[in-house]
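Asker: To start, I am sharing the structure in question, which I have written as structure tokens.
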Amino acid sequence: MKPTTRGTLAALVTGVAAAVGAAATPAAAAGTVPVPVPLGGAERALGMELPEVSGQLPVPTPGAPDGPRYTEGRLLPERTLPQLPLHGGLPGADVRQPLPRVGADRFDHVGLDAPASEVRALAPGVALDAPLSAPRAAGYGLPTTRLPQAGVLTPMVRTVPTAGLGLGPGL
């Protein structure tokens, strides 16, 4: 294959990869996926106005765990089984219910807006240490025995949910 053909092929493959990456970025970057709830058929069948309902479902994304930390004087790393971070969210909702006005043909509405809120979590981890100490120079390079150590790294969940309830004219 001639060098110009190889260069053209490499440029073509690079262009296709960039186009595919650019097309996939908005979907991967979206933190939530909108979920509309169609109630139009039920409104026509019942002959009345129903609430408008929509929601958002969060897309959970795992993070990179903190690697094990080696410390002096221990045979095993400080975090034998590291904690795995997970970023996601609580689902959101947007509900608007029409209310009839007394003495007029217009509607007022009651609205509930609870946007999807971010959730950051850490899975539990494990910290272990062997029942032997590190080799000692005073003991001719032999380790000494000691009690084994085991611990559980506590899980963590952090979020700040919000919601708003309102009353207003129009739907």
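The values are calculated or read from the model by the stated rules, or taken from the named source; none is laboratory data. These numbers were taken from a predicted model, which means no experiment stands behind them. Neighbour counts run over all protein chains shown; Cβ positions are idealised from the backbone, glycine included.
Asker: Are any residues in the range 114-133 within 17 Å of the chain's Cα centre (by Cα) and either in contact (Cβ under 8 Å) with a residue 60 or more places away in the chain or not in a loop (DSSP other than H, G, I, E, B) (or both), and if so, which ones?
Answerer: Scanning the range 114-133 gives Ala116, Ser117, Glu118, Val119, Arg120, Ala121, Leu122.
Asker: Now, a different point. Quick check on this structure: which one of Val126, Val152 is surrounded by 12 or more Cβ atoms within 10 Å (Cβ to Cβ) and of a type in the set (Val, Ile, Thr)?
Answerer: Just a single option satisfies the conditions, and that option is Val126.
Asker: Moving to a separate point now. Would you check which residues across the range 149-165 are in a strand (DSSP E or B) and closer than 30 Å to His87 by Cα and list them?
Answerer: Once the filter is applied, which keeps residues that are in a strand (DSSP E or B) and closer than 30 Å to His87 by Cα, the range 149-165 yields Ala150, Gly151, Val152, Leu153, Met156, Val157, Arg158, Thr159, Gly164, Leu165.
Asker: Regarding the range 140-148, can at least one residue be identified that is in a strand (DSSP E or B) and over 29 Å from Gly31 (Cα atoms)?
Answerer: Yes, that holds for at least one residue.
Asker: Also: Among Pro68, Pro26, which is under 30 Å from the mean Cα position of the chain (by Cα), within 30 Å of Leu128 (Cα to Cα) and at pLDDT below 80?
Answerer: Pro68
Asker: Return yes when Thr5 is under 30 Å from Val152 (Cβ atoms), at pLDDT below 80 and of a type in the set (S, T, N, Q) and no when it is not.
Answerer: So Thr5 does not fit the description; no.
Asker: Among the residues of the range 64-79, is any exposed (fewer than 14 other Cβ atoms within 10 Å of the Cβ) and in a strand (DSSP E or B)?
Answerer: No.
Asker: Do we have any residue at all in the range 89-109 that's more than 34 Å from the chain's Cα centre (by Cα), part of a strand (DSSP E or B) and exposed (fewer than 12 other Cβ atoms within 10 Å of the Cβ)?
Answerer: Yes, the range 89-109 has at least one match.
Asker: Under 6 Å between Cβ atoms, at least 6 apart or on separate chains: pull out the pairs that start in the range 134-163 with a residue that is under 22 Å from Leu76 (Cβ atoms) and of a type in the set (A, V, I, L, M, F, W, C) and end on any residue that is modelled with pLDDT of 85 or more and outside any loop (DSSP other than H, G, I, E, B).
Answerer: Ala150/Leu128; Leu153/Gly125
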